[in-house]
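Before any comments, here is the structure.
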Amino acid sequence: MCMDKKIADSVFYVGVNDRRTHLFENMWPLPYGVSYNSFLIDDEKIALIDTVDVGKVEAFLKKIEAVLKGRTIDYLVINHMEPDHGGSIRFILERYPDIQIVGNKKTFGMIEGYFELQVNQILVKEGDSLNLGAHTLHFYMAPMVHWPEVMTTYESKEKILFSADAFGTYGALNGGVLDSELNLDHFWGEMRRYYSNIVGKYGNPVQKVIQKLSNMEIKTICSTHGPVWQENIDKVVEMYDQMSKYESEEGAVVCYGSMYGNTEEMAEVVARGLSDGGIKNIAMHDVSKSHSSDIISDVFRYKGFVVGSPTYSNELYPGVKSILDKIITRGVKDRYLSYFGSHTWASATNKYFAKFAEEVNWEVVGEPVEEKMALKHEKQKACYDLGRAMAARLKDK
Ligand code: FEO
């Protein structure tokens with residue numbers, strides 16, 4: 001069986017798949033698994049680009065050995081130190097003790113901090129290059145995509161961009177590695193979920209990287225997660241461009257918490273109003289059932305956000321509060337907001353929603369609705385009108 005996988009002249013994929021871990025960063029579900037990508041350039045000098053999660057180090061070392069067949073590695077380029085990529089550095093150093101580590105100032109601070117190791121350093125800064133023989137590597141900093149030490153590496157012979165987390169997605173690589181070898185259907189939704197969950201706060205840094213790329217000729221993008229992009233580069237860059245600008249599609253998220261079904265009933269009526277107003281893309285999420293990663297992904301996708309909550313301990317329902325916090329953390333911009341709430345003896349929801357609206361600076365659409373106990377005729381109509389108002393605003397381009 002052939003374990004090595006060539007993606008360009010003398011460039012090999014040596015990454016690994018993880019279908020065993022349930023939660024990425026111990027938070028975000030991985031229904032399709034995830035890949036930790038690493039690449040080996042086999043030239044006069046041999047360079048390894050990034051490592052993998054430590055849980056997969058054995059498979060990783062085997063793949064490297066399948067290419068090297070007893071030879072050693074000259075350089076380890078570290079584009080990103082987060083442990084899903086930097087986790088196997090210690091093992092690479094043990095096996096290849098003369099290896100030189102290529103990184104920036106922040107990289108070496110993190111190597112010392114994580115591993116208490118002094119390593120053979122090649123310190124690079126913006127625009128520096130390293131010749132391997134036929135291939136030359138050029139280094140461009142990409143701070144906060146998604147950690148401060150992140151950099152990208154451009155290989156100018158084959159025109160490959162090793163982009164760290166940028167242009168990555170959840171989803172293991174099932175047999176194929178190149179985008180042309182894979183059925184990509186589920187990767188697009190997973191890319192939005194990955195971006196919005198992990199990198200979503202860092203829209204401006206991602207925009208800076210995309211601007212830098214506009215001057216480069218790129219034939220292949222090698223992210224640290226997901227397929228190697230060749231046929232779909234334009235689509236992938238466009239998706240990252242749109243997401244990092246918080247651009248949205250016509251549609252609405254209806255997100256609610258409900259203990260006994262009364263707030264849920266209000267949400268159903270709002271959704272009917274949206275539908276009667278001509279909106280087809282309506283993502284309904286019960287915060288106690290939907291995973292927050294899916295709700296956040298839809299918030300990044302759609303222009304409208306309608307949120308409802310019962311009053312709980314004189315505050316918002318905890319699951320709703322948690323979603324609002326995640327939206328604030330990610331700095332999602334330029335959305336329309338409508339809200340509603342219910343209570344039994346004292347209402348607290350709408351003051352929290354109003355505070356949220358102020359904090360995110362979103363336009364509030366329609367008249368907020370507040371019902372006491374079960375939904376009755378008058379407030380049922382108000383919920384319907386709220387949905388219609390949001391639909392009208394979404395259609396009013
Ligand atoms: Fe895949 Fe920021 O690490």
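Coordinate-derived values only; no laboratory data. Please read these numbers as outputs of a predicted model, since none were measured by experiment. We place every Cβ from the backbone using ideal geometry, glycine too, and count neighbours over all the protein chains shown.
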Item to check | Most mobile of Lys372, Lys289, Lys157 in a GNM of the chain (Cα contacts under 10 Å) | outcome: Lys289
Checklist entry - With the calculation restricted to Cα positions, what are the radius of gyration and Dmax of region 139-241 in angstrom? => result 12.7, 35
Item to check | Highest to lowest packing among 255-268, 161-174, 272-285, scored as the average C-beta count within 10 Å | outcome: 161-174, 255-268, 272-285
Checklist entry - In whole angstrom, how far apart do the alpha carbon centroids of region 72-119 and region 273-318 sit? => result 43 Å
Next on the checklist: Under 8 Å for C-alpha pairs, at least 6 residues apart: give me the relative contact order for the chain, rounded to a whole percent.
Outcome noted: 12 percent
Next on the checklist: Give me Phe39, Phe24, Phe305 sorted ascending by neighbouring Cβ count inside 10 Å, so fewest comes first.
Outcome noted: Phe24, Phe39, Phe305
Checklist entry - Per the Kirkwood formula on distinct C-alpha pairs, the Rh of region 255-397 is how many angstrom? => result 14.8 Å
Checklist entry - Under a GNM of the chain (C-alpha, springs under 10 Å), which listed residue has the highest mean-square fluctuation: Ala47, Ala134, Ala271? => result Ala134
Next on the checklist: If you average the C-alpha positions of region 125-173 and of region 40-58 separately, how far apart do those two centres end up, in angstrom?
Outcome noted: 14 Å
Item to check | Rg [Å, one decimal], Dmax [Å, integer] - the chain, C-alpha atoms | outcome: 24.2, 78
Item to check | Distance-filtered residues of region 327-354 - backbone nitrogen under 18 Å, label point 7 angstrom along Asp396 Cα→Cβ | outcome: 334-339
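Which three semi-axes in whole Å describe the equivalent ellipsoid of region 175-325, each the square root of 5 times a Cα gyration tensor eigenvalue, listed largest first? Walk me through the intermediate numbers first.
On the way: eigenvalues 245, 50, 43 Å².
Working through the eigenvalues yields semi-axes of 35, 16, 15 Å.
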Checklist entry - So how do His22, His186, His80, His146 line up by other beta-carbon neighbours within 10 Å, fewest first? => result His22, His186, His146, His80
Checklist entry - Which value at 222 nm does the chain reach when only helices count, each DSSP H run of 4 or more adding -39,500 (n - 2.57), with the total divided by all residues and rounded to the nearest 500 deg cm²/dmol? => result -10500 deg cm²/dmol
Checklist entry - Based on DSSP, what percent of beta bridges with both residues in the chain are antiparallel, to the nearest 5? => result 45 percent
Checklist outcome for this item: Across Asn37, Asn197, Asn361, the residue with the highest GNM fluctuation in the chain (Cα network, 10 Å cutoff) is Asn361
Item to check | Acute angle (nearest 10 degrees) that the helix 292-301 long axis makes with the longest principal axis of the chain, alpha-carbon atoms | outcome: 90 degrees
Checklist entry - In region 44-84, how does Rg compare with the Kirkwood Rh, expressed as the Rg/Rh ratio over alpha carbon atoms? => result 0.97
Checklist entry - Do any of Lys351/Lys381; Lys245/Lys381; Lys351/Lys376; Lys62/Lys106 go past 24 Å between their Cα atoms, and which? => result Lys245/Lys381; Lys62/Lys106
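Taking the Cβ of each residue in Val150, Val177 as the centre, tally the other Cβ atoms inside 10 Å and list the residues starting with the fewest. If you can, show how the numbers build up before the last one.
Details: Val150 28, Val177 21.
Going from least to most buried by this count: Val177, Val150.
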Checklist entry - In nanometres, what is the gap between the two model label sites at Tyr260 and Asp234, each 7 Å from Cα along Cα-to-Cβ? => result 5.7 nm
Item to check | Cubic angstrom per residue, convex hull over Cα atoms of region 36-158 | outcome: 97 Å³
Item to check | Unit charges at the beta carbon, dipole of region 45-202: most positive-side option, Ile46, Ile78, Phe108 | outcome: Ile46
Item to check | Separation between Cα centres of region 188-203 and region 328-397, rounded to whole Å | outcome: 26 Å
